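Encoded as structure tokens, the structure appears first; notes follow it.
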Amino acid sequence: MKKKYFWNMLAILMVTMMSVSFISCGGDDEGSGGAGDSAIIGKWYSVNSTYTAGWMFNSNGSCFFGEWGNGRTEKWGDDATGKWSTSGNTLTVTWTDEEGSDVEKYTYTVSNDGKTLTLTNSKGKTTVYTKQ
């Protein structure tokens, strides 16, 4: 009788612990107060024949965008500084400057190997960035 009671209690305890574990991990990929998908954290570059465009996403939710002519030194934040967050496959960037704030939304994907970020803006323009 005691063995049966022990195994029943052990089973209930294990089910309870697994339920709590699944619940606590449910929203880890959503941005809460700042970042979100950690796969996009880092520096990303898109290079063509005349200029380089780049994003820098930081783990604290800040981000920078820059464009500079090829051969020029990177100057992050010269063009735009903002905050980023993700929800599902949507990247939201809020830019703030002396004129106020502006929100841009992108559909994004990160490749399985984590080396390519594809952003599509609200007008349908897609740009592919490489992580460095």
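The values are calculated or read from the model by the stated rules, or taken from the named source; none is laboratory data. On a predicted model such as this, the values are computed, not experimentally measured, just so you know. When we count neighbours, we look across all protein chains shown, and the Cβ atoms used for this are built from the backbone with ideal geometry, even at glycine. Surface areas here come from the heavy atoms of the whole protein model, side chains and all, with no ligands, DNA or RNA. Shrake-Rupley method; radii C 1.70, N 1.55, O 1.52, S 1.80 Å.
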Review point. When both residues are 6+ apart or on different chains and their Cβ atoms are under 7 Å apart, which pairs have a first residue that lies in segment 66-77 and is part of a loop (DSSP other than H, G, I, E, B), and a second that is at pLDDT 70 or above and exposed (fewer than 10 other Cβ atoms within 10 Å of the Cβ)?
Key: Asn70/Thr50
Review point. When only residues in segment 86-110 that are among the polar types (S, T, N, Q) and out of contact with any Lys or Arg (no Cβ under 9 Å at 6 or more places or on another chain) count, which is nearest to Ser38 (Cα to Cα)?
Key: Thr86
**Study point:** Qualifying residue in segment 81-91 (condition: β-branched (Val, Ile, Thr) and in contact with a Gly (Cβ under 8 Å, 6 or more places away or on another chain))
**Key:** yes
Exercise for review: Just name the residue that is most open to solvent (accessible area, probe 1.4 Å) out of those in segment 78-108 that are assigned to a strand (DSSP E or B) and farther than 20 Å from Asn60 by Cα.
Suggested key: Thr107
Revision key, fill the gap. Exception for Val47 within (1) among the aliphatic types (A, V, I, L, M); (2) open to solvent by less than 80 Å² (accessible area, probe 1.4 Å); (3) at pLDDT 85 or above falls at (2)
